[in-house]
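The structure under discussion appears below in the form of structure tokens.
The values are calculated or read from the model by the stated rules, or taken from the named source; none is laboratory data. Small disclaimer: the values here were computed from a predicted structure and weren't measured. Positions of Cβ are generated from backbone atoms using ideal geometry, with glycine treated the same way; all protein chains shown enter the neighbour counts. Surface accessibility is based on the protein's heavy atoms, side chains included, excluding ligands, DNA and RNA. Shrake-Rupley method; radii C 1.70, N 1.55, O 1.52, S 1.80 Å.
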Amino acid sequence: RPPYRDHATPSPPLLTPFNHTTHWPHPNGTLQQLPDIIIIGVRKGGTRALIEMLSLHSAVVAAQNEVHFFDWDSHYQRGLDWYLSQMPFSYPGQLTVEKTPAYFTSSKVPERIKRMNPDVRLLLILRDPTERVLSDYTQVFHNRLQKHKYLQPIESLLLRDGELNLDYKALNRSLYYVHMQNWLRHFPLERIHLVDGDALIRDPLSEMKKVEEFLDLEPQINASNFYFNRTKGFYCLREHGRERCLHDSKGRTHPRVAPDILQKLYGYFSQPNRKFFQLVGRTFEWN
Ligand SMILES: Nc1ncnc2c1ncn2[C@@H]1O[C@H](COP(=O)(O)OS(=O)(=O)O)[C@@H](OP(=O)(O)O)[C@H]1O
């Protein structure tokens, strides 16, 4: 397990001076620590489910919000002391985890994370690329609905002159091999654990056991931590007798897409998916 980092063991290159008044240990013995584990994405892959399930483990403490430290320059410029101030309080020896799904597709992020800590453990949860596009669209649709903005039908984004519109950003985010190549320039594959997001939906326990193993955590997460909620159609969590499901924004109905457009999407991702499988030395059951 990597040593925890606090103001006494800062990582060298990026540092601005620490503000010791805000980072002194809390009287109850807890303190804020830079993350040992970062969930880097992918957007709509199941990152919230993963971080919630990981925090079932008593040795892991999770940041509640997406920090966007490495991908937003306005945050990055505030330095590591600001990043640290965003972390939850934890006991020495506990591992801190944060998730920002946008890290995976942001080209500057891997180098920046490596500068903070080359030994950080990275988790990447992936999902069928076509399904991820539909989920991405659904997320934006609901954001626009809330802001009373014009709602674009998915076909108007996916197609241009009858062919796939390759400028639609959601397509690029599902080209996993493109982004993975960039990560592998900075981190060896052994540092990046791939979580199968489709499998996590069907059978969370077996995916979480693999995550515990990757993180060298004592096996703790067990079948009693999960129960299937029929109304939601997803597994929910049980911890110390308390039950909770993910927010209603997770597990929304996706738009119905005409079969010929779906076929175009499957066709489009088929080659990139194979390149990804080669890159990471394993396959996924994607369309
Ligand atoms: N247990 C459980 N409960 C509810 N939802 C679950 C669960 N496990 C995985 N998922 C899937 O997580 C998808 C959302 O992914 P993210 O949390 O990464 O989205 S985000 O990028 O943070 O917005 C979300 O995608 P959508 O179904 O498209 O909403 C879910 O399918």
When you check T253 against the structure, is it over 25 Å from F70 (Cβ atoms), in contact (Cβ under 8 Å) with a residue 40 or more places away in the chain and in a loop (DSSP other than H, G, I, E, B), yes or no? yes
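Table: residues versus (1) of a type in the set (A, V, I, L, M, F, W, C); (2) in contact (Cβ under 8 Å) with a residue 24 or more places away in the chain; (3) farther than 14 Å from I51 by Cα.
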site	(1), (2), (3)
V211	yes, yes, no
C236	yes, no, no
H240	no, no, yes
V257	yes, yes, yes
F276	yes, yes, yes
When region 83-130 is examined, which residues are found to be under 13 Å from F69 (Cα atoms), of a type in the set (F, W, Y) and more than 16 Å from the ligand (Cβ to nearest atom)? Y83
When the residues of region 35-46 are filtered to those that are buried (at least 24 other Cβ atoms within 10 Å of the Cβ) and near the ligand (Cβ under 8 Å from one of its atoms), which remaining residue is farthest from I192 (Cα to Cα)? K44
Residue that is open to solvent by less than 100 Å² (accessible area, probe 1.4 Å), more than 13 Å from the ligand (Cβ to nearest atom) and at pLDDT 95 or above, where the choices are F277, F226: F277
One residue is enough: does region 182-197 have a residue meeting the conditions under 17 Å from G46 (Cβ atoms), without any contact (Cβ under 8 Å) to a residue 40 or more places away in the chain and in contact with a strand residue (DSSP E or B) (Cβ under 7 Å, 6 or more places away or on another chain)? no
